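Got a structure for you, written out below as structure tokens; questions coming shortly.
Where a number appears in this text, it was derived from the coordinates with a stated rule and is not lab data. Small disclaimer: the values here were computed from a predicted structure and weren't measured. In this analysis, Cβ positions are derived from the backbone assuming ideal geometry, glycine residues included, and neighbour counts consider all displayed protein chains.
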Amino acid sequence: MQRSYSRLLGIIGKPNTGKSTFFSAATLVPVEIANYPFTTIKPNRGVGYVRTPCVHQEFQVNDNPKNSICLNGIRLIPVELIDVAGIVPGAWEGRGLGNQFLDEIRRADALIHIVDASGGTDCEGRLCKPGEHDPLEDVQFLEREITMWMATIIKKDWQKLARTAEAESKEIYSMLEERLSGLGIKRSHIFEATRNTSLNADNPTSWSEEDLLKFVDALRRVSKPMLIVANKIDLPNAEANVEHLKKLGYTVIPCSAEAELALRRASEKQLIDYTPGDCNFKILEQAKLSPSQIKALETIRERVLLKNGSTGVQDAINMAYFKLLKMITVYPVEDVEHLADHNGKVLPDAYLVPYGITARQFAYLIHTELGESFIYAVDARQKKKIGENTVLRDRDVISIVSAKKRA
């Protein structure tokens, strides 16, 4: 099964916060999970899913998903996740597995920061008494590590870069984009960071050390947007810590990765009826569960699902793609009347694409020749033609008419 659009989500945090449990719960990829630092040495890669209501119910048709999955009216679209080595203070200077960690997040378009909401692990990831450590320290130190890592890369030849930009009347945006292309940083990110800091892009040599650091921090925020996932929400002290983080302005999702992993494994073994992101589950009649298994499931229901509305794992993935990365879903079809492809499959594909994408850009995404020979598209809801520059909306169903197709 292919991803519909390439956007990589990095799962990060200090050791022993439940990163690997979160990753395993989201992907069902077996990974080593243990309560000591640096369990994850090599990054784990896997496929998770973004959850969105499927349009087949609105159109009252039975769909035949090909690049995604449809369960009970929910379309699950595959996305790539990477669980990287734990980070500790001083990683940007090479401490711990810092260099490896920072190398991996070059490729990530957005980051999910897993924190131990119970405060039961210290800044190094070692177990301590629950409530003894403040998760806020973890959030702040990790932000600083990434900022300082990016600053080190930019500062290597900053003065030369700035002088050249001024002397040759070149835009600092273009020069920095070329310099930072390996970090997945685009010109739009650099422009936004400069605007957010009100720095003079025409006179970069006038930037002080403090200005440069302020710029890099703003660049980190726009190029590597981050979501805080407060794991171990069912443990003492966790709720109070989450409220504290929210009051400070952080976007936080309460989570129990262990609960999600247990539910997905039980669902995989056909013991319960559960779709990732549901607020409840149903034990199946044919399931042969021991009293201890039933008790464990009921504990998850009472302490996690009924209390928080979900385990938080699926919510985190959805928020990362729909809010941080501003993605939308679009369904391409060939036959507008039957919402089918050339093989007669109904609503076979669901694509995750950036907000603001136009009809012609979407055609290029499907196939280069389709974009090059684009004539117009047809909106399946309104049964009307739309032009190449029409911006697509979330849950649009469209058919693309091209010169090649007509021939």
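Per residue of the stretch 280-296, what does 6.51 cos²θ - 1.76 cosθ + 1.60 with θ = phi - 60° give for ³J(HN,Hα)? Whole Hz please, x for Gly and Pro, Karplus curve as stated.
Per residue, the Karplus-derived 3J(HN,Hα) values read 7, 8, 10, 6, 6, 4, 7, 5, 9, 10, 7, x, 5, 5, 4, 4, 5 Hz.
I'd like the projected area of the chain, averaged over all directions, using the convex hull of its alpha carbons. Report it in nm² with one decimal. List each step's numbers first, then the result.
On the way: hull surface 92.3 nm².
That works out to 23.1 nm².
Moving on to the next point. What full-extension length gain, to one decimal in nm, is calculated for Arg265 and Ala201 as 0.36 nm per residue of separation minus the Cα-Cα distance? Don't skip to the end; give the middle numbers.
Details: separation 64, 0.36 × 64 = 23.04 nm, distance 5.26 nm.
Taking 0.36 nm per residue and subtracting the Cα distance, the gain is 17.8 nm.
Then there's this: Name the trypsin sites (Lys or Arg not before Pro) in the stretch 128-216 that are in a loop by DSSP and that have at most 13 other C-beta atoms within 10 Å, would you?
Values: sites: Arg144, Lys155, Lys156, Lys160, Arg163, Lys170, Arg179, Lys186, Arg187, Arg195, Lys214; in loops: Lys156, Lys170, Lys186.
Here the trypsin sites (Lys or Arg not before Pro) that fit, given the DSSP loop and packing criteria, are Lys156, Lys170.
Going down the list Lys66/Lys383; Lys19/Lys232; Lys224/Lys246, which pairs span over 18 Å between their C-alpha atoms?
On the way: Lys66/Lys383 24 Å; Lys19/Lys232 11 Å; Lys224/Lys246 20 Å.
Table pairs above 18 Å Cα-Cα are Lys66/Lys383; Lys224/Lys246.
Under 8 Å for C-alpha pairs, at least 6 residues apart: give me the relative contact order for the chain, rounded to a whole percent. Could the numbers behind the result be given before it?
Values: 799 pairs, mean separation 65.8, N = 407.
The normalised contact order for the chain reaches 16 percent.
Using modelled amide H (1.01 Å from N, peptide plane; none on Pro or chain starts), what sits under 5 Å from the amide H of Ile328, excluding residues fewer than 5 places away?
Val353, Tyr355
Which aspartates and glutamates have a Cα lying under 13 Å from the Cα of Lys247, excluding residues fewer than 8 positions away in the same chain?
Once the sequence-local aspartates and glutamates are set aside, what remains near Lys247 is Glu239.
Then there's this: Could you work out the relative contact order of the stretch 149-257? I mean the mean sequence separation of Cα pairs under 8 Å and 6+ apart, divided by the number of residues, in percent. Kindly include the intermediate steps, with their values, before the conclusion.
Working: 100 pairs, mean separation 24.2, N = 109.
Value for the stretch 149-257: 22 percent.
Also: Enumerate the calculated ³J(HN,Hα) couplings along the stretch 260-275 in order (Karplus 6.51 cos²θ - 1.76 cosθ + 1.60, θ = phi - 60°), each rounded to whole Hz, writing x wherever the residue is Gly or Pro.
Residue by residue, the stretch 260-275 yields 5, 4, 5, 5, 5, 5, 5, 5, 4, 8, 6, 9, 9, 9, 8, 10 Hz.
If the reach is capped at under 17 angstrom between alpha carbons, list the lysines near Lys288, excluding any in the same chain fewer than eight residues apart.
List returned: Lys269.
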